[in-house]
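Visitor: I'd like to ask some things about the structure below.
The values are calculated or read from the model by the stated rules, or taken from the named source; none is laboratory data. Being a predicted model, the structure only gives us computed values, none of them experimental. In this analysis, Cβ positions are derived from the backbone assuming ideal geometry, glycine residues included, and neighbour counts consider all displayed protein chains.
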Amino acid sequence: METSPPDDPELPDDIALMLRVRDGDEEAFEQLVEIHQSRVFGTVVKMLGSDADADDIAQQVFVRVWQSASRYSPQAKFTTWLLTITRNLVFNEMRRRHRSRLVPLETDDSEAPREHPDHSVRTPAEKASEAELQDAIAAAIAALPETQRMAVVLRRYEDLSYEEIAEVLETTVPSVKSLLFRARTELKERLSGYLG
């Protein structure tokens with residue numbers, strides 16, 4: 001299959017960089033990692049519910065990108081391809097944890113997702129209530145089946161379209177809509193105590 005040369009000004013930056021990576025350009029690879037590492041890390045943390053193994057999984061994603069570079073063909077958005085690799089490695093890790101029974105039913109504070117402090121003025125009660133709600137949301141999302149959880153993470157945190165989520169999950173748009181509907185229904189049920 002023919003592809004445009006890496007220096008084609010019409011190519012999106014990610015694809016142009018990946019085509020350079022395909023040709024062995026380590027500097028282009030470093031640029032891709034720099035551009036996308038926070039997105040990959042964030043997705044992994046939200047899926048696994050902790051950042052304990054997120055660094056390792058995120059590194060594996062980029063190792064896989066480098067190893068797969070020679071077979072890369074720009075038929076879809078680069079981020080879709082990258083998040084598909086992320087999905088595969090996260091699902092593998094979730095299955096490995098399930099098999100070895102290392103997944104705790106509840107996470108302790110050391111494994112709670114890290115949040116950036118809000119510097120607006122709020123009372124301690126408001127802060128505690130907000131933290132409790134965020135913990136409840138994170139726990140409710142973590143309790144979803146893995147495919148529903150991935151769909152929610154990609155939609156809510158990565159702001160992907162239904163079409164992009166369908167590509168990442170290797171399914172159809174109607175299936176994505178169904179997954180998200182079921183996930184939202186489950187989340188509403190689990191969070192009913194917080195919804196007024």
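Visitor: Find the residue count for segment 27-84, including only residues that are charged (D, E, K, R), modelled with pLDDT of 90 or more, more than 19 Å from ARG96 (Cβ to Cβ) and touching a helix residue (DSSP H, G or I) at 6+ places or on another chain (Cβ under 9 Å).
Guide: Of the residues in that region, 2 qualify.
Visitor: Give just the number: which of (1) in contact (Cβ under 8 Å) with a residue 60 or more places away in the chain; (2) within 14 Å of the chain's Cα centre (by Cα) does VAL40 not satisfy?
Guide: It is condition (1) that VAL40 fails.
Visitor: Test VAL103 against the stated conditions and say whether it is of a type in the set (Val, Ile, Thr) and at pLDDT below 90. Full working, then the answer.
Guide: Details: of a type in the set (Val, Ile, Thr): yes; at pLDDT below 90: yes.
The answer is yes for VAL103.
Visitor: Being of a type in the set (Phe, Trp, Tyr) and within 25 Å of ASP25 (Cβ to Cβ) is the filter here; which residues of segment 42-99 pass it?
Guide: Here is the first cut: in segment 42-99, the ones of a type in the set (Phe, Trp, Tyr) are 62, 66, 72, 78, 81, 91.
PHE62, TRP66, TYR72, PHE78, TRP81 - these are the residues of segment 42-99 that are of a type in the set (Phe, Trp, Tyr) and within 25 Å of ASP25 (Cβ to Cβ).
Visitor: Right, next: Residue by residue through segment 149-182, note down the ones that are touching a residue at least 40 places away in the same chain (Cβ under 8 Å) and either under 18 Å from ALA139 (Cβ atoms) or not in a helix (DSSP H, G or I) (or both).
Guide: Step one: of segment 149-182, the residues touching a residue at least 40 places away in the same chain (Cβ under 8 Å) are 149-150, 153-154, 157-158, 160, 164, 167-170.
Those that are touching a residue at least 40 places away in the same chain (Cβ under 8 Å) and either under 18 Å from ALA139 (Cβ atoms) or not in a helix (DSSP H, G or I) (or both): ARG149, MET150, VAL153, TYR157, GLU158, LEU160, GLU170.
Visitor: Further question: Quick one: is GLN59 over 21 Å from ALA143 (Cβ atoms), in contact (Cβ under 8 Å) with a residue 24 or more places away in the chain and part of a helix (DSSP H, G or I)?
Guide: no
Visitor: Quick one: would you say SER192 is more than 19 Å from THR86 (Cβ to Cβ), of a type in the set (Gly, Ala, Ser), more than 14 Å from the chain's Cα centre (by Cα) and in a loop (DSSP other than H, G, I, E, B)?
Guide: Considered against the rule, which asks whether it is more than 19 Å from THR86 (Cβ to Cβ), of a type in the set (Gly, Ala, Ser), more than 14 Å from the chain's Cα centre (by Cα) and in a loop (DSSP other than H, G, I, E, B), SER192 comes out as yes.
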